[in-house]
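The values are calculated or read from the model by the stated rules, or taken from the named source; none is laboratory data. In this text the structure is predicted, and so the values were computed from the model without any measurement. Note that we place each Cβ from the backbone using ideal geometry, even for glycine, and neighbour counts take in every protein chain shown. These area figures cover heavy atoms from the full protein model, side chains too; ligands, DNA and RNA do not enter into them. Shrake-Rupley method; radii C 1.70, N 1.55, O 1.52, S 1.80 Å.
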Amino acid sequence: MIDRKPILIVVSVEPEKQAVLQGLGNSSAYEVLVGGVGMAQAAARTARQLTQKHYQGTINMGIAGGFPGKAANGTVAVATSIIAPEIGAESPGGFLTIDALGFGTQTLPAVANDSYIGKLQEAVSVATGTILSVMTVTGTEATLNVRQSYGKDIVAEAMEGFGVASAAAEFGLPFAEVRSISNQVGIRDKASWEFASAFSSLTKAAEKLKEVEQLGDCFFTMSK
């Protein structure tokens, strides 16, 4: 039996919402919330919305930076996990994660539905792996090197996923993150960013969500 409660899609800004709505059309299986920029605001707005209505789960969608060699511009990145690499403490021996400190975790799970990914690959290039949630977007080669050290499967960085995932976890709901790539992570160079292709891919990602719903399935309940 398919759960007919809607899925909450959280984006950070209005242009992302419009790109997603363009793909979803008149689908009633999804609702789109502008959650704001950054983990704190996204968590707060997501949690507030989750108190207002029952949902099947949450999907954080929007544009993001792709790591070189992992996710080119226009690619859609689908998270298999989320890491917030800046949560922790500095020490003379190096950075200590919140996990090492014993106060929580910097890593949260994400659903990467194989059937949805297969449909997505019909329309765009797809990269699956860990997506970083950062407080400060990478702008130097030094920071790029640090962030790449978190694992070979890291494909993208954004600013809201960990916040949305944390809110979902508080309500016992599954979480997914789907991001279209507008730029390459590294030395900040806005002249090389490709917003048009990123927003086009974001719309296609939403179209595939609608196709899932039209088949009578749901992102969080489809058989793998």
Top mean-square fluctuation among Y150, Y55, Y116, Gaussian network model of the chain, C-alpha springs under 10 Å?
-> Y150
Applying 1/(1 + (r/R0)^6) with R0 = 35 Å to the Cβ-Cβ distance of S91 and V13, what FRET efficiency is obtained, to the nearest 0.05?
-> 0.45
Fluctuation leader among N60, N26, N113 - the chain, Gaussian network, Cα springs under 10 angstrom | N26
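Would you tally the net charge around V155, using a Cβ to Cβ cut-off of less than 13 Å, leaving V155 out, and scoring K and R as +1, D and E as -1? Don't skip to the answer; put the middle values down first.
On the way: positive: K70, R147, K152, R179; negative: D153, E157, E177.
Every neighbour counted, the sum reads +1.
Obtain the radius of gyration and the Kirkwood radius of the chain from its C-alpha atoms and give Rg over Rh.
Working: Rg = 16.7 Å, Rh = 17.4 Å.
Ratio of gyration radius to Kirkwood radius for the chain: 0.96.
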Name the most mobile residue of G65, G94, G129, meaning the one with the largest mean-square fluctuation, in a Gaussian network model of the chain with Cα contacts below 10 Å.
-> G94
For S149, put the label point 7 Å out on the Cα→Cβ axis and report which residues of segment 53-86 keep their amide N under 15 Å from it.
-> 85-86
Return the calculated 222 nm mean residue ellipticity for the chain, to the nearest 500 deg cm²/dmol, obtained by summing -39500 (n - 2.57) across DSSP H runs with n ≥ 4 and dividing by the residue count.
-> -10000 deg cm²/dmol
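Magnitude of the Cβ-charge dipole of the chain, K/R +1 and D/E -1, about the Cα centre, nearest 20 debye? Don't skip to the end; give the middle numbers.
Values: 17 positive and 21 negative charges, 54 e Å.
For this selection, approximately 260 debye.
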Pairwise centroid distance, computed over Cα atoms, of segment 97-175 with segment 1-55, Å | 18 Å
Residues of segment 15-163: accessible area per residue at 1.4 Å, in Å²?
-> 44 Å²
Between M135 and L101, what length in nm is gained on full extension when 0.36 nm per residue of separation is reduced by their alpha carbon distance?
-> 10.3 nm
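Where the only charges are on Cβ atoms (+1 Lys, Arg; -1 Asp, Glu), what is the dipole of segment 1-100 about its Cα centre, to the nearest 20 debye?
On the way: 7 positive and 7 negative charges, 78 e Å.
That gives segment 1-100 a dipole magnitude of about 380 debye.
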Using modelled backbone amide H atoms (1.01 Å from N, in-plane), which distant-in-sequence or interchain residues come within less than 5 Å of Q184's amide H?
-> G66
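With a 1.4 Å probe and all protein chains left in place, how much of the accessible area of the chain comes from carbon and sulfur atoms, in whole percent? Show your work: numbers first, answer last.
Values: 5320 of 10000 Å².
Of all accessible area on the chain, carbon and sulfur atoms account for 53 percent.
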